[in-house]
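The values are calculated or read from the model by the stated rules, or taken from the named source; none is laboratory data. If you're wondering where the values come from, they're calculated on a predicted model, not measured in any experiment. All Cβ positions, even for glycine, are placed from backbone atoms using ideal geometry, and neighbour counts span all protein chains on display. Areas reflect the complete protein model, heavy atoms only, side chains present, ligands, DNA and RNA absent. Shrake-Rupley method; radii C 1.70, N 1.55, O 1.52, S 1.80 Å.
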Amino acid sequence: MLLQIEFESDIPIYLQIKNQIIRGIATGSLRLGEDLPSVRQLASDIGINFHTVNKVYTQLRQEGWVVVHRKSGVMINPELKVEKNTDYIASLEDSLSNITAEAFLRGVTKEAFFHIVEKHYAGYIKEGRE
């Protein structure tokens, strides 16, 4: 699993890891049932505290993206059926509100903004994740 962490980013490291794993599932570069590195192994590979990786895996497990088996470790949930719910929709609305506001203030046109969203969404559909 190849992660690209930007240590100088304003985005916390745990969130960069979490987002990249979710994107990996969406694009198909991480397959359902695929094993992820152990907490200690991933922390060592990236050069971060293992508590950070533990936090990521805990959040991913709580959200249904991964499952944890005591003997075999962490894997992408082989029966992944993450459903949208009212909490997720509210969170999505909030995130998009912030992203849209910043894009507007930076002069990104509505057409350009929609083009960016469509390009990313199409990338996930292309990989068979409709």
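Mind checking which pairs have a first residue in segment 79-103 that is closer than 15 Å to TRP65 by Cβ and a second that is at pLDDT 90 or above and in a helix (DSSP H, G or I), Cβ under 8 Å, 6 or more apart or different chains?
LEU80/ILE25
Any residue at all in segment 95-113 that's closer than 27 Å to PHE7 by Cβ and of a type in the set (D, E, K, R)?
Taking every residue of segment 95-113 in turn, at least one turns out to be closer than 27 Å to PHE7 by Cβ and of a type in the set (D, E, K, R).
Does segment 69-86 hold any residues that are more than 17 Å from SER38 (Cα to Cα) and modelled with pLDDT of 85 or more, and which are they? Quick ask: steps written out before the conclusion?
The first filter runs over segment 69-86 and keeps only residues more than 17 Å from SER38 (Cα to Cα), leaving 78-86.
Passing the criteria: PRO78, GLU79, LEU80, THR86.
List every residue pair whose Cβ atoms sit under 6 Å apart, with the two residues 6 or more apart in sequence or on different chains, where the first one lies in segment 11-27 and is aromatic (Phe, Trp, Tyr) and the second, anywhere, is open to solvent by less than 50 Å² (accessible area, probe 1.4 Å).
From segment 11-27, the pairs are TYR14/THR52; TYR14/VAL56.
Scanning segment 73-99 for residues that are β-branched (Val, Ile, Thr) and open to solvent by less than 60 Å² (accessible area, probe 1.4 Å), which turns out nearest to LEU42 (Cα to Cα)?
As a first pass, look at segment 73-99 and keep what is β-branched (Val, Ile, Thr): 74, 76, 82, 86, 89, 99.
Next cut, open to solvent by less than 60 Å² (accessible area, probe 1.4 Å) only: 74, 76.
Values: VAL74: 11, ILE76: 15 Å.
So the residue we want is VAL74.
Give the number of residues within segment 46-60 that are touching a residue at least 12 places away in the same chain (Cβ under 8 Å) and either of a type outside the set (A, V, I, L, M, F, W, C) or open to solvent by 90 Å² or more (accessible area, probe 1.4 Å) (or both). First the steps, then the outcome.
Initially, segment 46-60 is screened for residues touching a residue at least 12 places away in the same chain (Cβ under 8 Å), giving 46, 48, 52-57, 59-60.
Add one more test, that the residue is either of a type outside the set (A, V, I, L, M, F, W, C) or open to solvent by 90 Å² or more (accessible area, probe 1.4 Å) (or both), and what stays is 52, 54-55, 57, 59.
Qualifying residue count for the region: 5.
Looking only at helices (runs of 4 or more DSSP H) that lie completely in segment 1-105, which have at least 1 residues being closer than 19 Å to TYR124 by Cβ?
Values: elements: 13-27, 39-46, 50-62, 86-105.
By residue number, 13-27, 50-62, 86-105.
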